[in-house]
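Student: The structure is given below, and queries will be raised subsequently.
The values are calculated or read from the model by the stated rules, or taken from the named source; none is laboratory data. What you see is a predicted model, and the numbers here were worked out from it, not measured in a lab. A quick note on method: Cβ atoms are made from the backbone with ideal geometry, for glycine too, and the neighbour counts reach across all protein chains shown. SASA here: full protein model, heavy atoms, side chains in, ligands and nucleic acids out. Shrake-Rupley method; radii C 1.70, N 1.55, O 1.52, S 1.80 Å.
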Amino acid sequence: MSKLKFSIITASYNSDKYIKQTLESVRDQDYDNIEHVLVDGGSTDKTNTIIKSFPHVENYISEPDKGIYDALNKGVNRATGDVIGFVHSDDYLKDSTIISKIATFLDTHKATGVYGDIVFVDDDQKVLRHYSSKKWRFNQFKVGKMPAHPSFFARKEVYESYLFDTQYKIAADFDQMLRAFKDPEFNFEYMAIVTTCMRLGGASTDGLKSNLRINREILNICKVNGIRTNLIKIYSKYPSRFLEILRGRLSGKRKAESGKRKAENN
């Protein structure tokens, strides 16, 4: 088995509704060399009580921060692992084999990092959308597309070179990945697994106002990094997103109907 140490970083703030499942999904991995780094923003609900009930969380702080990306940078700076990944406080790893599969892939492919797929789910854990990075290519940064960030696991040297730029309030992950993927010293490869189940409602998926802001941030990020684009190109990504949502709902409906038929036959 790989000797790579993984640092999984979770930033939280008043996250007591979902964080238990987040913590369980990391704790229950079948890979035994994981450090779970918790960076709480000074929650006033039961978040900290829940975190403290999980003994596997040893690298933990709770203090005010300047937003999600400031918190993630704090987590990176506290991390001691060889590989860094993020599981947000309302998300969870899809199953207990995710980290062991990524460790094996990194060992066998000699990659700097990997990215895969994620699914968006509702409160009943029903899949609403499958976000696949399989067909993603670097030139799609110009239309605002990037590999699914929660599926991105990279060696620590990537974050030693490229932290999150906190001037961006929603799209700093896009900026960080763009700068890292531009670097010829790094080699990132696609891995065909769903790593993470992500709930809708985060800063980047929370309605029209956030969409307007994230796309303006993406436009500026592309400009700063020498990628020629415009808002029309960036907004052109939405039809494919609607198709992903439609496919996800149809798939969920088929699974529900199949489950109903099995129950009736029993």
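Student: Any idea of the accessible area per residue across the chain, 1.4 Å probe, to the nearest Å²?
Tutor: Heavy-atom accessible area per residue stands at 51 Å².
Student: Normalise the Cα radius of gyration of segment 89-151 by 2.2 N^0.38 Å (N = residues in it) and let me know the number.
Tutor: 1.27
Student: What are the equivalent ellipsoid semi-axes of segment 41-156, built from the alpha-carbon gyration tensor (square roots of five times its eigenvalues), in whole angstrom, biggest first?
Tutor: After diagonalising the Cα gyration tensor, the semi-axes are 26, 19, 16 Å.
Student: Shape verdict for segment 1-94, please, from the Cα gyration tensor: rounded (a/c under 1.5), prolate (a/b greater than b/c) or oblate.
Tutor: Oblate is the answer for segment 1-94, as a/c is 1.5 or above yet b/c matches or exceeds a/b.
Student: Find which of His88, Phe105, Asn139 sits farthest along the positive direction of the dipole of the chain, computed with +1 on the beta-carbon of Lys and Arg, -1 on that of Asp and Glu, about the Cα centre.
Tutor: Asn139
Student: Looking at segment 92-151, which trypsin sites (Lys or Arg not before Pro) are DSSP coil and have at most 13 other C-beta atoms within 10 Å of their C-beta?
Tutor: Hits after loop and neighbour filter: Lys110, Lys134, Lys135, Arg137.
Student: Any idea which of Tyr69, Gly41, Pro55 is furthest toward the positive side of the dipole for segment 23-70, if Lys and Arg beta-carbons carry +1 and Asp and Glu beta-carbons -1?
Tutor: Of the candidates, Gly41 comes out farthest on the positive side.
Student: Under a point-charge model restricted to the Cβ atoms of Lys and Arg (+1) and Asp and Glu (-1), what is the dipole moment magnitude of the chain relative to its Cα centre, in debye to the nearest 20?
Tutor: 1400
Student: Please name whichever of Phe186, Val127, Leu4 sits farthest to the positive end of the charge dipole of the chain, dipole taken about the Cα centre and charges placed at Cβ: Lys and Arg +1, Asp and Glu -1.
Tutor: My answer, from the dipole projection, is Val127.
Student: Here's another thing I want to ask about it. Take segment 101-190, drop everything but the C-alpha atoms, weight them equally and run the Debye formula without solvent; then report log10 I(q)/I(0) at 0.21, 0.23, 0.24 Å⁻¹ to two decimals.
Tutor: These q points yield log10 I(q)/I(0) values of -1.12, -1.26, -1.31.
Student: In terms of modelled amide H atoms, which long-range or inter-chain residues lie less than 5 Å from the amide H of Ile193?
Tutor: Hits under the 5 Å cutoff: Asp117.
Student: Still on this model: With a 1.4 Å probe and every protein chain kept in, tell me what percent of the accessible surface of the chain is carbon plus sulfur.
Tutor: 51
Student: Oh, and also: Which one, [x] 26, 25, 20; [y] 48, 21, 17; [z] 34, 22, 18, gives semi-axes √(5λ) of the Cα gyration tensor in Å as derived from the coordinates shown?
Tutor: Among [x] 26, 25, 20; [y] 48, 21, 17; [z] 34, 22, 18, the one derived from this structure is [x].
Student: Now, a different point. Do you know the relative contact order of segment 56-193, to the nearest whole percent, from alpha carbon pairs under 8 angstrom that are 6+ apart?
Tutor: Taking the mean separation of contacting Cα pairs over the length of segment 56-193, I get 31 percent.
Student: Based on DSSP H runs of at least 4 residues, each adding -39500 (n - 2.57), what is the mean residue ellipticity at 222 nm of the chain after dividing by all its residues, to the nearest 500 deg cm²/dmol?
Tutor: One gets -12500 deg cm²/dmol as the mean residue ellipticity at 222 nm.
Student: Could you work out the per residue convex hull volume over the alpha carbons of segment 27-69, in cubic angstrom?
Tutor: Here the figure is 88 Å³ per residue.
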